[in-house]
Amino acid sequence: GGARPHLPRPTFSKMQGVSNRTLRVLCFGDSLTKGYIGGYGGTPHAPYSDRLGALLREHHGEKTSVLVDNEGVNGELVLESMRGRLKSILETAQRKSIKYNWIVICGGTNDLGHGKDGATLLKAICELHDIAKSFGAHTAAVSIPQFGLEMSPDHKALHEKKLTVNTGLKDYCSGSNSSSVFVDMYNELPNVDMYNDFPNISKEIAKNWSDYLHPSALGYQRFGEIVFQCLKVKLLCPQQLN
């Protein structure tokens, strides 16, 4: 390479403009938050939080320090352990004087896979949001995404429960006085419809998925972009940052 360009030293007056705002985001959920990639054994995870963090840093510039934590657990059910785990994470953070501005919550896929009731699941996910808000955070409610065999007659009940949950989450956010934003992952990140479209599967859609249930590395990047777009409008008010 050539000689390094000479960079002017910042003057004191320029330095005064640097702010030390911090934006803290917690991504909380199951394997879709952890970034699990299906079908490849030892393939590393590719969490959407990496892409989300990069977009937030790009958008905020150097005046804001963006910290994104990922607390995804593969296979976890909302109705079993998520509420206790979220409370524990936030209590630990509080003891360390860490306050999250935003908590992105994505859960319910495993509950539906285990045959849990839609209305009961919806109530429990809303409780996760209430817990997050009791610690002073705004929340993003990620709808339960599609899975590849959802349109088969065998999964009709699961599909209907999922619509109950997703519609309920959207209503929860609408009635939240702007403290929660809805992320319509179900529609924004469509899955292949193996029942109706096979074998003429869209390659554009298929490349975002590693199996019927989990995105590919590319799909998780898209997941992060979708979350970012939903947060962007609300996220960038400096008064929300500590």
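The values are calculated or read from the model by the stated rules, or taken from the named source; none is laboratory data. Small disclaimer: the values here were computed from a predicted structure and weren't measured. So basically every Cβ, Gly included, is an ideal-geometry build from the backbone, and we count neighbours across all protein chains shown. For accessibility, only protein heavy atoms count, side chains too; no ligands or nucleic acids. Shrake-Rupley method; radii C 1.70, N 1.55, O 1.52, S 1.80 Å.
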Ignoring the sites themselves, what is the longest stretch of the chain with no chymotrypsin sites (Phe, Trp or Tyr not before Pro) in a DSSP loop and at most 15 other beta-carbon atoms within 10 Å? 41-194
Along the charge dipole of the chain, Cβ charges K/R +1 and D/E -1, which of GLY38, LEU52, PRO199 sits furthest on the positive end? LEU52
Once the principal axes of the Cα atoms of segment 167-225 are found, what is the range along each, listed largest first in whole angstroms? 45, 24, 15
Relative to the Cα centre, what is the charge dipole magnitude of the chain, using +1 at the beta carbon of each Lys and Arg, -1 at the beta carbon of each Asp and Glu, and rounding to the nearest 20 debye? 1320
Determine which aspartates and glutamates satisfy two conditions relative to LYS123: a Cα distance under 20 Å, and not lying fewer than 8 residues away in the same chain. ASP30, GLU76, GLU80, ASP111, GLU160, ASP171, ASP184
Of MET185, MET82, MET151, which has the largest mean-square fluctuation in a 10 Å C-alpha GNM of the chain? MET151
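Give me the accessible area per residue for segment 131-242, probe 1.4 Å, as a whole number in Å².
Details: 5400 Å² over 112 residues.
Value for segment 131-242: 48 Å² per residue.
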If you line up the long axis of helix 156-174 against the longest principal axis of the chain, both from Cα atoms, how many degrees apart are they, to the nearest 10? 30
Pairing the Cα long axis of helix 118-134 with the longest principal axis of the chain, what angle in degrees results, from 0 to 90 and rounded to the nearest 10? 10
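Anything over 32 Å Cα to Cα? Flag those among LYS87/LYS156; LYS87/LYS162; LYS96/LYS161, in the order listed. It would help to have the intermediate numbers written out before the result.
Details: LYS87/LYS156 34 Å; LYS87/LYS162 25 Å; LYS96/LYS161 39 Å.
Table pairs above 32 Å Cα-Cα are LYS87/LYS156; LYS96/LYS161.
Add +1 for every Lys or Arg and -1 for every Asp or Glu among the other residues with Cβ under 11 Å from the Cβ of LEU128, and state the total.
On the way: positive: ARG83, ARG85, LYS87, LYS123, LYS133; negative: GLU127, ASP130.
Its environment carries a net charge of +3.
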